[in-house]
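Report on one structure; see the data block that follows.
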Amino acid sequence: MTGIEYDDFLNREYEPDSTDLVCTFSIDPAEDMSMEAAASRVASESSNGTWAALHVDEDELTHLGAVACGMDGNEITVAYPAELFEVGSMPQILSCIAGNIMGMKAVDAIRLEDCEWPKSITSGFPGPQFGTSVAREKLDAGDRPILATVPKPKVGLSTDAHVRVGEEAWRGGVDLLKDDENLTDQDFNPFEDRLAESLAARDRVEEDVGERKDYLVNVTAETNEMLERVDLVAEHGGGFVMVDIITCGWSAVQSVRDRCQDHGLAIHAHRAMHAAFDRMDHHGVSMRVIAQISRLCGVDHIHTGTAGLGKLANEDTPGINDWLHGDCHGLNPVLPVASGGLHPGVVDRLIDALGTDICIQAGGGIHGHPDGTHAGAKALRQATDASLEGVPLEEYAQDHAELATALDKWGAETPR
Ligand SMILES: O=C(COP(=O)(O)O)[C@H](O)[C@H](O)COP(=O)(O)O
Ligand SMILES: [Mg+2]
């Protein structure tokens, strides 16, 4: 028997091995705490320790205890043994690495900034079924960014109006119609009517324009209901579902991912409520980690911001997108979605900042076009084509009237 105390969770000499989950936190220790004291409490509470000294078999301590092993300024590194984690359970992992420690008195603030995921953990998760390949497997976008639009007003349109807006946008050149995060199954626009009528319109447009189109229908609901909605999407011939991944929760996301595998459906992840975790730069869970978790759970698209060119608070969009595109023990890459305040006049800078393996999503930047949705969609497509051809937007606009009108209205401003 040996005693476990906080000091047992601190070892500056420890070198994480390839099976450890290595997490980087930034912490503000409480006034009376040294960095070491705070770091050891973080490692203890997030693995197998508690506030009181315990008397246990030495093996239990060494096998399941996390180790605070790095300290650099206010950043600490904590290594977790893989055996601490249940295979394939994102809720269980988060109850460790982003659980009680978020509210500890030992720290005034703590933020989970980044994780290095070992194969022993990633192999318990499916990862994306399609990821970036949706551009070619489900759509005809080739190597250009996928273009998507969300009808506005975000809720309140009747089913007919919603479908009409979608049809105009598809015909104008966007690939994907998307529901907004708070449109699900309300009386003014019931889920199944909207699904059936939107997909019927999609089929008509595809026939006429000769390009594949699809619909990101928001299936978000209580989990069993959500799975039924996923089945309905497959029955009606849809290729994608959209899920509000934070508000419905990780366990529900895992269930949806399983069901989508049965039907060959791709998952568009909307991140509404993420800012409750990631907006503070000194506390919470970073968007980078939320994106990592989402990839493990198997979403195909995820919103990662606009590199400062849109309406929402800024974050490290290029860094997150690089991670989503990069290798992660063979999991498919995820397609990052840039959304929030985008319009044709910022598309050139967006592609410069984020490359072409992205989805560009615009709501107001299409439907707010002075000549309406069809012209707005054309302008977004023209801005994308111009950027890929390396032609300045103003020059391209000389013989593309819809883009010219959009640039007259919004210029290159980034909205607030
Ligand atoms: O409705 C929109 C965009 O509409 P618009 O194009 O009219 O601004 C999206 O839900 C949010 O912007 C998502 O933001 P994020 O991608 O940051 O989660
Ligand atoms: Mg929205």
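Among the residues of the stretch 295-342, those identified as more than 10 Å from ligand 1 (Cβ to nearest atom), of a type in the set (A, V, I, L, M, F, W, C) and under 25 Å from Tyr215 (Cβ atoms) are Cys297, Val299, Leu324, Val334, Leu335. When the stretch 235-247 is examined, which residues are found to be surrounded by 20 or more Cβ atoms within 10 Å (Cβ to Cβ) and more than 15 Å from ligand 2 (Cβ to nearest atom)? Selection gives Gly238, Gly239, Phe240, Val241. Listed by first and then second residue, the pairs linking a residue in the stretch 322-342 that is in the same structural domain as His274 (by TED's automatic domain parsing) to a residue that is in a helix (DSSP H, G or I) and within 7 Å of ligand 1 (Cβ to nearest atom), with Cβ atoms under 8 Å apart and 6 or more places separating them unless they lie on different chains, are Gly341/Gly364; Gly341/Gly365; Leu342/Gly365. In summary, helices (runs of 4 or more DSSP H) completely within the stretch 17-121 and bearing 2 or more residues that are under 30 Å from Asn332 (Cβ atoms) occur at 90-97. With respect to the conditions (1) touching a Leu at 6+ places or on another chain (Cβ under 7 Å); (2) within 23 Å of Leu342 (Cα to Cα), Arg288 lacks only one, and its number is (1).
Reported count of residues in the stretch 161-208, each being closer than 24 Å to Ala375 by Cβ and among the hydroxyl-bearing types (Ser, Thr, Tyr), is 1. In the stretch 328-364, what residues are in contact with a Pro (Cβ under 7 Å, 6 or more places away or on another chain) and within 16 Å of ligand 2 (Cβ to nearest atom)? The answer is Gly341, Cys359, Ile360. Of Ala169, Ala148, all but one fail to be within 16 Å of ligand 2 (Cβ to nearest atom), part of a helix (DSSP H, G or I) and either more than 18 Å from Gly376 (Cβ to Cβ) or touching a Leu at 6+ places or on another chain (Cβ under 7 Å) (or both); the exception is Ala169.
Quick check: anything in the stretch 366-384 modelled with pLDDT under 95 and closer than 22 Å to Lys154 by Cα? Working first, answer last.
So the first thing to find is which residues in the stretch 366-384 are modelled with pLDDT under 95, and the list is none.
So far as the stretch 366-384 goes, no, none of its residues is modelled with pLDDT under 95 and closer than 22 Å to Lys154 by Cα.
This table checks each residue for (1) surrounded by 23 or more Cβ atoms within 10 Å (Cβ to Cβ); (2) among the charged types (D, E, K, R).
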position	(1), (2)
Gln361	yes, no
Ala377	yes, no
Pro392	no, no
Lys409	no, yes
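Quick one: count up the residues across the stretch 173-182 that are buried (at least 24 other Cβ atoms within 10 Å of the Cβ) and within 15 Å of ligand 1 (Cβ to nearest atom). Number of matching residues: 5. Checking the stretch 261-268 against the condition returns a match, with at least one residue being within 16 Å of Gly238 (Cβ to Cβ), within 16 Å of ligand 2 (Cβ to nearest atom) and touching a strand residue (DSSP E or B) at 6+ places or on another chain (Cβ under 6 Å). Does Leu216 satisfy being of a type in the set (A, V, I, L, M), modelled with pLDDT of 95 or more, crowded, with 19+ Cβ neighbours inside 10 Å and within 16 Å of ligand 1 (Cβ to nearest atom)? In short, yes.
Of all residues in the stretch 251-296 being hydroxyl-bearing (Ser, Thr, Tyr) and closer than 23 Å to Asp322 by Cα, which is surrounded by the most Cβ atoms within 10 Å (Cβ to Cβ)? Can you show your working first?
Our first condition is that a residue be hydroxyl-bearing (Ser, Thr, Tyr); within the stretch 251-296, this holds for 251, 255, 286, 294.
Now drop any that are not closer than 23 Å to Asp322 by Cα, which leaves 286, 294.
Working: Ser286: 23, Ser294: 28.
Out of the qualifying residues, it is Ser294.
Is it the case that Gly345 is in the same structural domain as Arg136 (by TED's automatic domain parsing), touching a Phe, Trp or Tyr at 6+ places or on another chain (Cβ under 6 Å) and either more than 12 Å from ligand 1 (Cβ to nearest atom) or at pLDDT 95 or above (or both)? Criteria met by Gly345.
The values are calculated or read from the model by the stated rules, or taken from the named source; none is laboratory data. Quick caveat: nothing in here was measured; it's all calculated off a predicted structure. Methodologically, a virtual Cβ is constructed for each residue, glycine included, from the backbone with ideal geometry; neighbour enumeration extends over all protein chains shown.
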